[in-house]
Every structure is written in structure tokens, then in C-alpha cells.
Amino acid sequence: MHIACLDFEGVLVPEIWVGLAERTGVEALQATTRDIPDYDELMKMRLRVMDEHGLRFADVRAAAEALDPLPGAREFLDWLRGEYQVAIVSDTFYELAMPLIRKLGLPTLLCHRLTVDADGRLSGYRLRQPDPKRHAVRGFKSMQYKIVATGDSYNDVPMLEEADLSWFFQPPENVVRDHPHIPVARSYAELQAAFTAAKSTLG
């Protein structure tokens, strides 16, 4: 049996925090894991910037609710779910992702949790586990599954390297430059062809 492990933001949906930056005009919130590889550093910066600008959980939740899946994402995911078991393995948060997960037909999502205080302030976050993407793939492989994966950024590299076969999907050039050993798909059509070939290759 084969499992497809997909990143979420940048692969199936737009970046939620970029959406917040565009709604609020707070430029610092444009940064993603494409820019800052250390996820803890990135999240601490986001929480600090939100406090500095008086932003609350409701603001980032509204930004998430206003987004739609990337063009072609729902169709690709619907096709993929007919060929593979699918798990979205992401560094997003359930509290933000669920409106978009519903728009994608409720696929399985493995991600993290936000903590929100009584005033609606984002007070922190709880990772599902350390190095979560790599461990998700290792867990599936320990059950004798073959894993095919795709992601778009630095934080996806552990998952992509641990999978049996993998590709970047529409990554920025800095990510490609730093990880030239990982092949690249530039469109959903290319990604669909890659997943089709992988199924034959892995048997």
C-alpha cells in the first residue's frame, strides 16, 4: 500500500500568514518557511509581531477563512485520493487550517495546535512532536507503507528525504539551490505524472 504525504500551504492552499500580512499591511508577516528555515524562530517572530501590532487570533483566523485552495488543488487532490491513501503533513495549525480543509473535502491532516489566552491573544503553540514531518513518514514506513511525498519549502526537506520518492512542488529558487538533489514539479499536471510513475516504480 502507498501513502502520499503532502505539505499544505504552498502546495494545496495559499500561505495563511501571507494572507494576514496582505489584510493588515504588516510586512513582517510575509515571511514563511521559504524564508526562515528554523520553524521555532519563524513562529516566535510571528507571535512577537502580532503582539506589537495588536493582532489577535480572530485576525489570523479571518485571514484563513478568506482564502480558497490554489487553482487546480481540489481537482488534483480528488484524483490523488483515488490512487493513494493521502495524509497532509503540515506545520500549520488545526485552529487555522480547518476552514480550508473543509474546502478540500476533509482530507486527513496532521499538524499542530495554537494556544489562545482569554483575551484572544495568540500566546504560543504546541508542536505535535519534534521533527514532525520526518517522524510522520517514519511512522507510516514502520507499518510497511511506501511513502511518496511533496512539499515546497525548507521545512518539508526532512519529509522529502525520508520518503521513498519525493518532489518539491513549485519551490522558490533559494530552496532548489540549497537542495539540488530533490527533483521539482512545476505544475499539478507534472505532479500527477510523478505520482503515477511512482506507483509503478514502487510496485
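Taking the stretch 38-58 as the range and being assigned to a helix (DSSP H, G or I) and either in contact with a Gly (Cβ under 9 Å, 6 or more places away or on another chain) or within 13 Å of Ser123 (Cβ to Cβ) (or both) as the test, the residues that pass are Met43, Lys44, Arg46, Leu47, Arg48, Met50, Asp51, Phe57, Ala58. Using the structure shown, decide if Val89 is surrounded by 18 or more Cβ atoms within 10 Å (Cβ to Cβ), more than 19 Å from Glu41 (Cβ to Cβ) and touching an Asp or Glu at 6+ places or on another chain (Cβ under 8 Å). Yes; evaluated as a whole, the condition is true for this residue.
In the stretch 8-17, the condition of being buried (at least 18 other Cβ atoms within 10 Å of the Cβ), in contact with a Ser or Thr (Cβ under 8 Å, 6 or more places away or on another chain) and free of Cβ contacts under 8 Å to residues at least 60 places away in the same chain is met by at least one residue. Scanning the stretch 70-86 for residues that are small (Gly, Ala, Ser) and either in a loop (DSSP other than H, G, I, E, B) or surrounded by 14 or more Cβ atoms within 10 Å (Cβ to Cβ) (or both) gives Gly72, Ala73. If you go through the stretch 64-99 and keep only what is closer than 30 Å to Ser123 by Cβ, touching a Phe, Trp or Tyr at 6+ places or on another chain (Cβ under 8 Å) and not β-branched (Val, Ile, Thr), you end up with Ala87, Ser90, Asp91, Phe93, Glu95, Ala97.
Every read-out reported here was derived from the displayed coordinates using simple, explicitly stated rules and does not represent laboratory data. Since the structure is predicted, the reported quantities are computational estimates derived from the model, not experimental observations. So basically every Cβ, Gly included, is an ideal-geometry build from the backbone, and we count neighbours across all protein chains shown.
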